[in-house]
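The structure appears below as structure tokens.
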Amino acid sequence: MSWTVVYDALAATYDAGTAGTWQANRHVAEVLRPQALRPARVLDLGAGTGQTAAMLRALYPDAALTLVDPSAAMLALAPEKVPGARTFVADAESFLRDTDGSWDLVAAVGFLELVPDLDRVLGLAAARVAPGGHLVVSHEPLLDDGSVQSRPVSVVGGAQHVHRRPRTHVEDVARSCGLLRTASLEAPAFVRSGEGEGDAVYEYVLWHRPAAPAP
Ligand SMILES: C[S@@+](CC[C@H](N)C(=O)[O-])C[C@H]1O[C@@H](n2cnc3c(N)ncnc32)[C@H](O)[C@@H]1O
């Protein structure tokens, strides 16, 4: 079963089920807020039911929002949170391959651990960041603490895979795409449901693409 099937099934209860427990967007806001960015165009990949987009709209009320998610059922719940946003039912990789758009802020929150090839998705996302723009992500870093998070891959709920990469690897990928780290934070995103499995600790990172030099 793919993650899309899982999220299609979860959609109806997702917002109630994550209320007060899914902390990723709060932490992404903590990273973004002090930067006082003023993006005109914001792309939200893995938008789900619009929780990330609602946070982004609160920070950037004048920005045009584009939301992308492969789960039609999740994405159908987003427009009521962010009226006027454009929505696309697609996985991040397909959308990014097909678009020739660029954005002042690209967000990828809560799904990079679900994709088998983070390098490819991160590279494609970085390529759509306009000069002077930013990319903000969450990812589940590989830890060295003997916890569940010390495994590069976990199989959950049957056949779904969660992938973890070293922080240094993610940074190297971003840097190789011409992005420079602006700010970051590490904090729990949620408490895992398995007994004794503890917090899922995410890294939240904001990078920027330097503005093009004046001709
Ligand atoms: C944990 S939810 C996060 C949703 C939202 N960003 C939030 O914070 O509430 C993960 C979302 O990632 C989506 N997703 C799964 N695989 C994806 C992919 N390859 N590309 C883009 N989104 C994906 C799922 O459909 C789901 O809506």
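Tell me the net charge near P79. Cut-off is 15 Å between Cβ atoms, P79 excluded, with +1 for each Lys or Arg and -1 for each Asp or Glu.
Once positives and negatives cancel, what remains is -1.
Which whole-number value in Å² is the accessible area per residue of the stretch 136-215, probe 1.4 Å?
Per-residue value: 51 Å².
Rounded to a whole number, what % of the accessible area of the chain do carbon and sulfur atoms account for, probe 1.4 Å?
56 percent
Remind me, what semi-axes does the chain give for its equivalent ellipsoid, largest first in whole Å, using sqrt of 5 times each Cα gyration tensor eigenvalue?
In descending order the semi-axes read 25, 21, 16 Å.
Can you find, among L77, A189, Q35, the residue sitting farthest towards the positive end of the charge dipole of the chain, where Lys and Arg contribute +1 and Asp and Glu -1 at Cβ?
Value: Q35.
Sorted by mean Cβ packing within 10 Å, highest first, what order do the peptides 60-67, 137-144, 182-189 take?
In decreasing order of mean packing, 60-67, 137-144, 182-189 become 137-144, 60-67, 182-189.
For the chain, modelled as a Gaussian network with Cα springs under 10 Å, which listed residue fluctuates most, V89, V156, V42?
V156
Under a point spin-label approximation (7 Å from Cα along Cα-to-Cβ), what is the A212-S147 distance to one decimal in nm?
In this crude spin-label approximation the distance works out to 4.4 nm.
Sort the following peptides by mean Cβ neighbour count (other Cβ atoms within 10 Å, averaged over residues), highest first: 198-207, 10-19.
Per-residue Cβ counts within 10 Å, averaged per peptide and sorted highest first, yield 198-207, 10-19.
The values are calculated or read from the model by the stated rules, or taken from the named source; none is laboratory data. Everything quoted here is computed from the prediction, not taken from an experiment. Backbone-built Cβ (ideal geometry, glycine too); neighbour counts: all protein chains shown. With ligands, DNA and RNA removed, areas are computed over all heavy atoms of the protein, side chains included. Shrake-Rupley method; radii C 1.70, N 1.55, O 1.52, S 1.80 Å.
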